[in-house]
Amino acid sequence: MTLLQLQYFKTLATLLNYTKAAQSLHISQPSLSYSISELEKEFQVQLFIRDKRQVKLSKYGLAFLPYVDKVLTTLEESKQKLASIARENKSIINLGYICSISDSVIPELIQKFKQDEINRKISISFVEELSSSIVKKLLDDEIDLGFFAHQNEELEALPVCYQNLYLAVAQNHHLANRKKVELQDFVNEPLVVLGKSSNLRALEENLFLAAGKKPNIAYEFQETHATLQFVAMGMGVAVTPHFPGNYGWPVKFIQLQVKQKDFKRIIYLGWHKNRDLSPTVLEMKDFLLKKVFPQSSEGLANLVTIK
């Protein structure tokens with residue numbers, strides 16, 4: 001039994017005329033007859049009584065009709081419900097971003113986006129996570145657009161800005177009054193690091209590797225709040241972006257340099273390559289690339305640097 005057979009049965013039961021029913025369904029009369037015949041074979045009962053003058057529902061057809069009505073009505077209601085959800089989703093954007101841009105980037109771009117009256121009705125749901133988590137949520141379709149520091153072959157990722165990286169130290173640390181530091185200034189210091197899935201961890205390891213040094217890793221955490229807490233306690237130093245309010249911990253951020261140039265990382269705006277973006281999400285994507293980060297189309301040399 002197929003949905004088409006149910007639709008054919010319903011139409012014939014309503015019109016009680018094979019010619020008219022076939023015309024209404026835009027199929028040939030033999031096709032309709034065959035479909036009804038196959039349905040009757042499956043149930044092993046006669047659904048219609050046919051003679052030269054008219055077509056009538058048999059007692060089996062009369063018993064079957066209310067259930068067919070119920071199935072087709074439920075199907076139509078489900079289609080309407082899905083369409084309603086789809087319309088609602090077109091007005092919702094799930095935006096993910098790394099914690100370190102929650103103060104320097106996100107408020108300004110949302111303010112600019114909402115300046116257009118058309119965008120004021122759009123709801124935005126925010127997800128603030130580590131870069132690796134943002135990438136995973138994009139791959140799992142939990143968010144539509146994301147700002148992150150990783151790249152992934154399943155994501156479309158465009159560089160939109162640079163982010164300065166710093167050495168975080170306790171306020172009473174011997175480097176706390178410095179404005180700038182290089183690797184040689186803290187090469188033997190105990191390091192407080194994030195887990196190996198972190199983009200920062202990879203940058204740290206590459207920094208030491210390029211200098212032919214081995215990092216003195218003292219503590220490893222999975223989230224930034226804990227690393228700054230241990231830095232504030234004087235348990236070590238950390239390579240990190242600047243965080244708004246320092247998460248409440250008394251730490252100093254000192255600009256990190258490599259060969260007298262500020263140490264930076266690239267921040268990407270990305271989305272899933274193989275997913276269709278809703279018109280609303282496409283609108284925000286285009287807005288971000290054209291109005292907030294127009295330099296993204298001009299090459300890495302022209303990207304702005306954020307704190």
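Which of these, GLN184, GLN222, GLN23, has the largest mean-square fluctuation under a Gaussian network model of the chain (Cα springs below 10 Å)?
Maximum fluctuation in the GNM of the chain, among the listed residues, is at GLN23.
Check the straight Cα-Cα distances from LYS180 and name the aspartates and glutamates below 13 Å, setting aside those fewer than 8 residues away within the same chain.
ASP262
Taking every DSSP beta bridge with both residues inside the chain, roughly what % is antiparallel (nearest 5)? Display every interim value, and only then the final one.
Details: 25 of 45 bridges.
Of the beta bridges lying entirely in the chain, close to 55 percent run antiparallel.
For region 114-196, which GluC sites (Glu not before Pro) are both in a DSSP coil and crowded by at most 13 other Cβ atoms within 10 Å? Don't skip to the answer; put the middle values down first.
Values: sites: GLU117, GLU128, GLU129, GLU142, GLU153, GLU154, GLU156, GLU182; in loops: GLU142, GLU153, GLU154.
For GluC sites (Glu not before Pro) across region 114-196 that sit outside H, G, I, E and B with at most 13 neighbouring Cβ atoms in 10 Å, the list reads GLU153, GLU154.
Under 23 Å Cα-Cα from LYS10, which lysines qualify once same-chain neighbours fewer than 8 residues away are excluded?
Within the straight-line cut-off, LYS10 pairs with LYS20, LYS41, LYS52, LYS56, LYS59, LYS70, LYS79, LYS81.
At a threshold of 8 angstrom on Cα-Cα distance, excluding pairs fewer than six apart, so keeping six or more, what relative contact order does region 179-301 reach in percent? Don't skip to the answer; put the middle values down first.
Working: 108 pairs, mean separation 33.0, N = 123.
Over region 179-301, the number comes to 27 percent.
Given the -39500 (n - 2.57) contribution per DSSP H run of 4+ residues, what per-residue ellipticity at 222 nm results for the chain, rounded to the nearest 500 deg cm²/dmol? Numbers along the way, then the final one.
Working: 10 runs with 119 residues, N = 307.
Dividing the helical sum by the residues of the chain leaves -12000 deg cm²/dmol.
Can you put HIS150, HIS242, HIS26 in order, fewest other beta carbons within 10 Å first? Walk me through the numbers on the way to the answer.
Working: HIS150 21, HIS242 18, HIS26 6.
Neighbour counts put them in this order, fewest first: HIS26, HIS242, HIS150.
With a length cut of 27 Å (Cα positions projected on each helix's long axis) and a Kyte-Doolittle mean of at least -1.0, go through the chain and give me the DSSP H helices that pass. Please report the intermediate quantities before stating the final value.
Values: long enough: 59-89 (46 Å, -0.28).
Answer set is 59-89.
In Å, what Rg and Dmax follow from the Cα atoms of the chain?
Expressed in Å, the Cα Rg and Dmax of the chain come to 31.6, 105.
Readers should treat all values here as calculations from the given coordinates under stated rules, not as data from a laboratory. Remember, predicted model here, so these are calculated numbers, not experimental data. In this analysis, Cβ positions are derived from the backbone assuming ideal geometry, glycine residues included, and neighbour counts consider all displayed protein chains.
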